[in-house]
Amino acid sequence: MKKTPFTDVHIALGAKMHEFAGYNMPIEYSGIIDEHLTVCNGVGVFDVSHMGEFWVKGPKALEFIQSITSNDASVLTVGKAQYTCFPNDTGGIVDDLIVYRYEDDKYLLVVNAGNIAKDWDWCVSHNTVGAELENASDHMAQLAVQGPKAKEVLQRLTPVDLSAIPYYSFVTGEFAGRRNVIISNTGYTGAGGFELYFYPEDAMAIWDAVFEAGKPEGIKPIGLGARDTLRLEMCFCLYGNDLDDTTSPIEAGLGWITKFPEGKNFTNRAELERQKKEGVTRKLCAFEMIDKGIPRHGYEIADKDGNVIGTVTSGTMSPVLKKGIGMGYVKPEYAKAGTELYIKVRNRDLKAEVIKGPFRK
């Protein structure tokens, strides 16, 4: 298994480790519920160094990004970021990602860890305009410092005014005495905070500085288990669960990142434009359990008569709501808030209700 610059620290701290996307990653430390609530109420630190990073450079950089992503990157100014996806040729999604406009002709694409090789091959094979591509995944480390107290902790370590960085914006500056650190307000927990991108050789100095600065706030390391429950409470999609090569962004409720400006001829534009106009045969919805039970990925969703109408893609016991919550694809007529659903759990049909997300307001 691959290691991040922090793997040995996770092991030394007693984390429960497991393989994820080819990396030896911490799943939990003090327990998923404790870690989840730490991020909701205080500040926690995630090692997300396993994520992939690609640079796109040169005069053809924007043209390339416009041809391969669903969102309209032409609106990005330097210092802004954008959530988007790579549509495939058949209506599905190669991956979801974040695009950062680093300089006028230089962009950073941050992709999911499990898709680095697939995404890189996709980018290279679809680079028909001659943009300069660089896979920097092995040369960047990343920490996500999340929670309502994250800004207060991190401000002690940088001259950059963190309160001047809006959501989905970033600054490159000095942090913990290290230069050229990207400080990005693009968290995936819904609890506020920042991501820090830096060179692997600076990793331990930054880790130690963050944990020292956060002692008064009770800062804790957080594993991937709580990262999953936090993003699900916010109804944020996870690739491999809620998104994959067969799910279209329109079906997934990502029409807001699927734009059709004149001149943007991206992969499978015509089909996605048709779906947006004519509708789809299934939609991703969020639901909470009425009966006691925990929905899990792959469980069938039924109507009141027991007819299967969809499948659960993500599910858990919500640490904040203390009830089962989930997301899944159903026929469109069942995706409206207030609709009664039944989740098939061990030969029992347990009642659930569709809600308008997120679960955690």
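Bear in mind these aren't lab numbers, they're just calculated from the coordinates by the rules spelled out. Everything numeric here is computed off the predicted structure, so don't read it as measured data. Cβ placement follows ideal geometry from the backbone for every residue including glycine, while neighbour counts extend to all protein chains displayed.
Would you confirm whether or not region 194-213 contains a residue that is in contact (Cβ under 8 Å) with a residue 40 or more places away in the chain and closer than 27 Å to residue 326 by Cβ? Looking for residues that are in contact (Cβ under 8 Å) with a residue 40 or more places away in the chain and closer than 27 Å to residue 326 by Cβ, one finds at least one in region 194-213, hence yes. Among the residues of region 112-126, just one is in contact with a Phe, Trp or Tyr (Cβ under 7 Å, 6 or more places away or on another chain) and either of a type in the set (Val, Ile, Thr) or outside any helix (DSSP H, G or I) (or both), namely 112.
Only one entry in 269, 227, 231 is out of contact with any Gly (no Cβ under 7 Å at 6 or more places or on another chain), of a type in the set (Lys, Arg) and surrounded by 22 or more Cβ atoms within 10 Å (Cβ to Cβ), namely 227. Every listed requirement among (1) in contact with a helix residue (DSSP H, G or I) (Cβ under 9 Å, 6 or more places away or on another chain); (2) more than 30 Å from residue 211 (Cα to Cα); (3) buried (at least 18 other Cβ atoms within 10 Å of the Cβ) is met by residue 90 save one, (3).
Looking across region 69-88, the residues that are more than 21 Å from residue 242 (Cβ to Cβ) and not in a strand (DSSP E or B) come down to 72, 73, 74, 75, 76, 77, 78, 79.
Residue 48 meets all of the listed conditions (1) surrounded by fewer than 23 Cβ atoms within 10 Å (Cβ to Cβ); (2) more than 16 Å from the chain's Cα centre (by Cα) but one, namely (2). Those strands (runs of 3 or more DSSP E) of region 294-346 in which at least 2 residues are closer than 19 Å to residue 228 by Cα and in contact with a Ser or Thr (Cβ under 9 Å, 6 or more places away or on another chain), considering only elements entirely within it, cover 308-317, 324-330. Restricting 68, 98, 33 to those that are of a type in the set (A, V, I, L, M, F, W, C), touching a residue at least 12 places away in the same chain (Cβ under 8 Å) and farther than 30 Å from residue 261 by Cα reduces the list to 33.
Scan region 1-60 for residues that are acidic (Asp, Glu), touching a strand residue (DSSP E or B) at 6+ places or on another chain (Cβ under 6 Å) and under 21 Å from residue 119 (Cα atoms) and jot them down.
Filtering region 1-60 down to residues acidic (Asp, Glu) leaves 8, 19, 28, 34-35, 47, 53.
In the following step, the residues that additionally are touching a strand residue (DSSP E or B) at 6+ places or on another chain (Cβ under 6 Å) were identified as 28, 35, 53.
Selection gives 53 alone.
Restricting attention to region 188-200 and to residues that are surrounded by 23 or more Cβ atoms within 10 Å (Cβ to Cβ) and not hydroxyl-bearing (Ser, Thr, Tyr), the residue that is farthest from residue 3 (Cα to Cα) turns out to be 191. Within region 231-242, identify whether any single residue is in contact with a strand residue (DSSP E or B) (Cβ under 9 Å, 6 or more places away or on another chain), assigned to a loop (DSSP other than H, G, I, E, B) and of a type in the set (D, E, K, R), and answer yes or no. Yes, because at least one residue in region 231-242 is in contact with a strand residue (DSSP E or B) (Cβ under 9 Å, 6 or more places away or on another chain), assigned to a loop (DSSP other than H, G, I, E, B) and of a type in the set (D, E, K, R).
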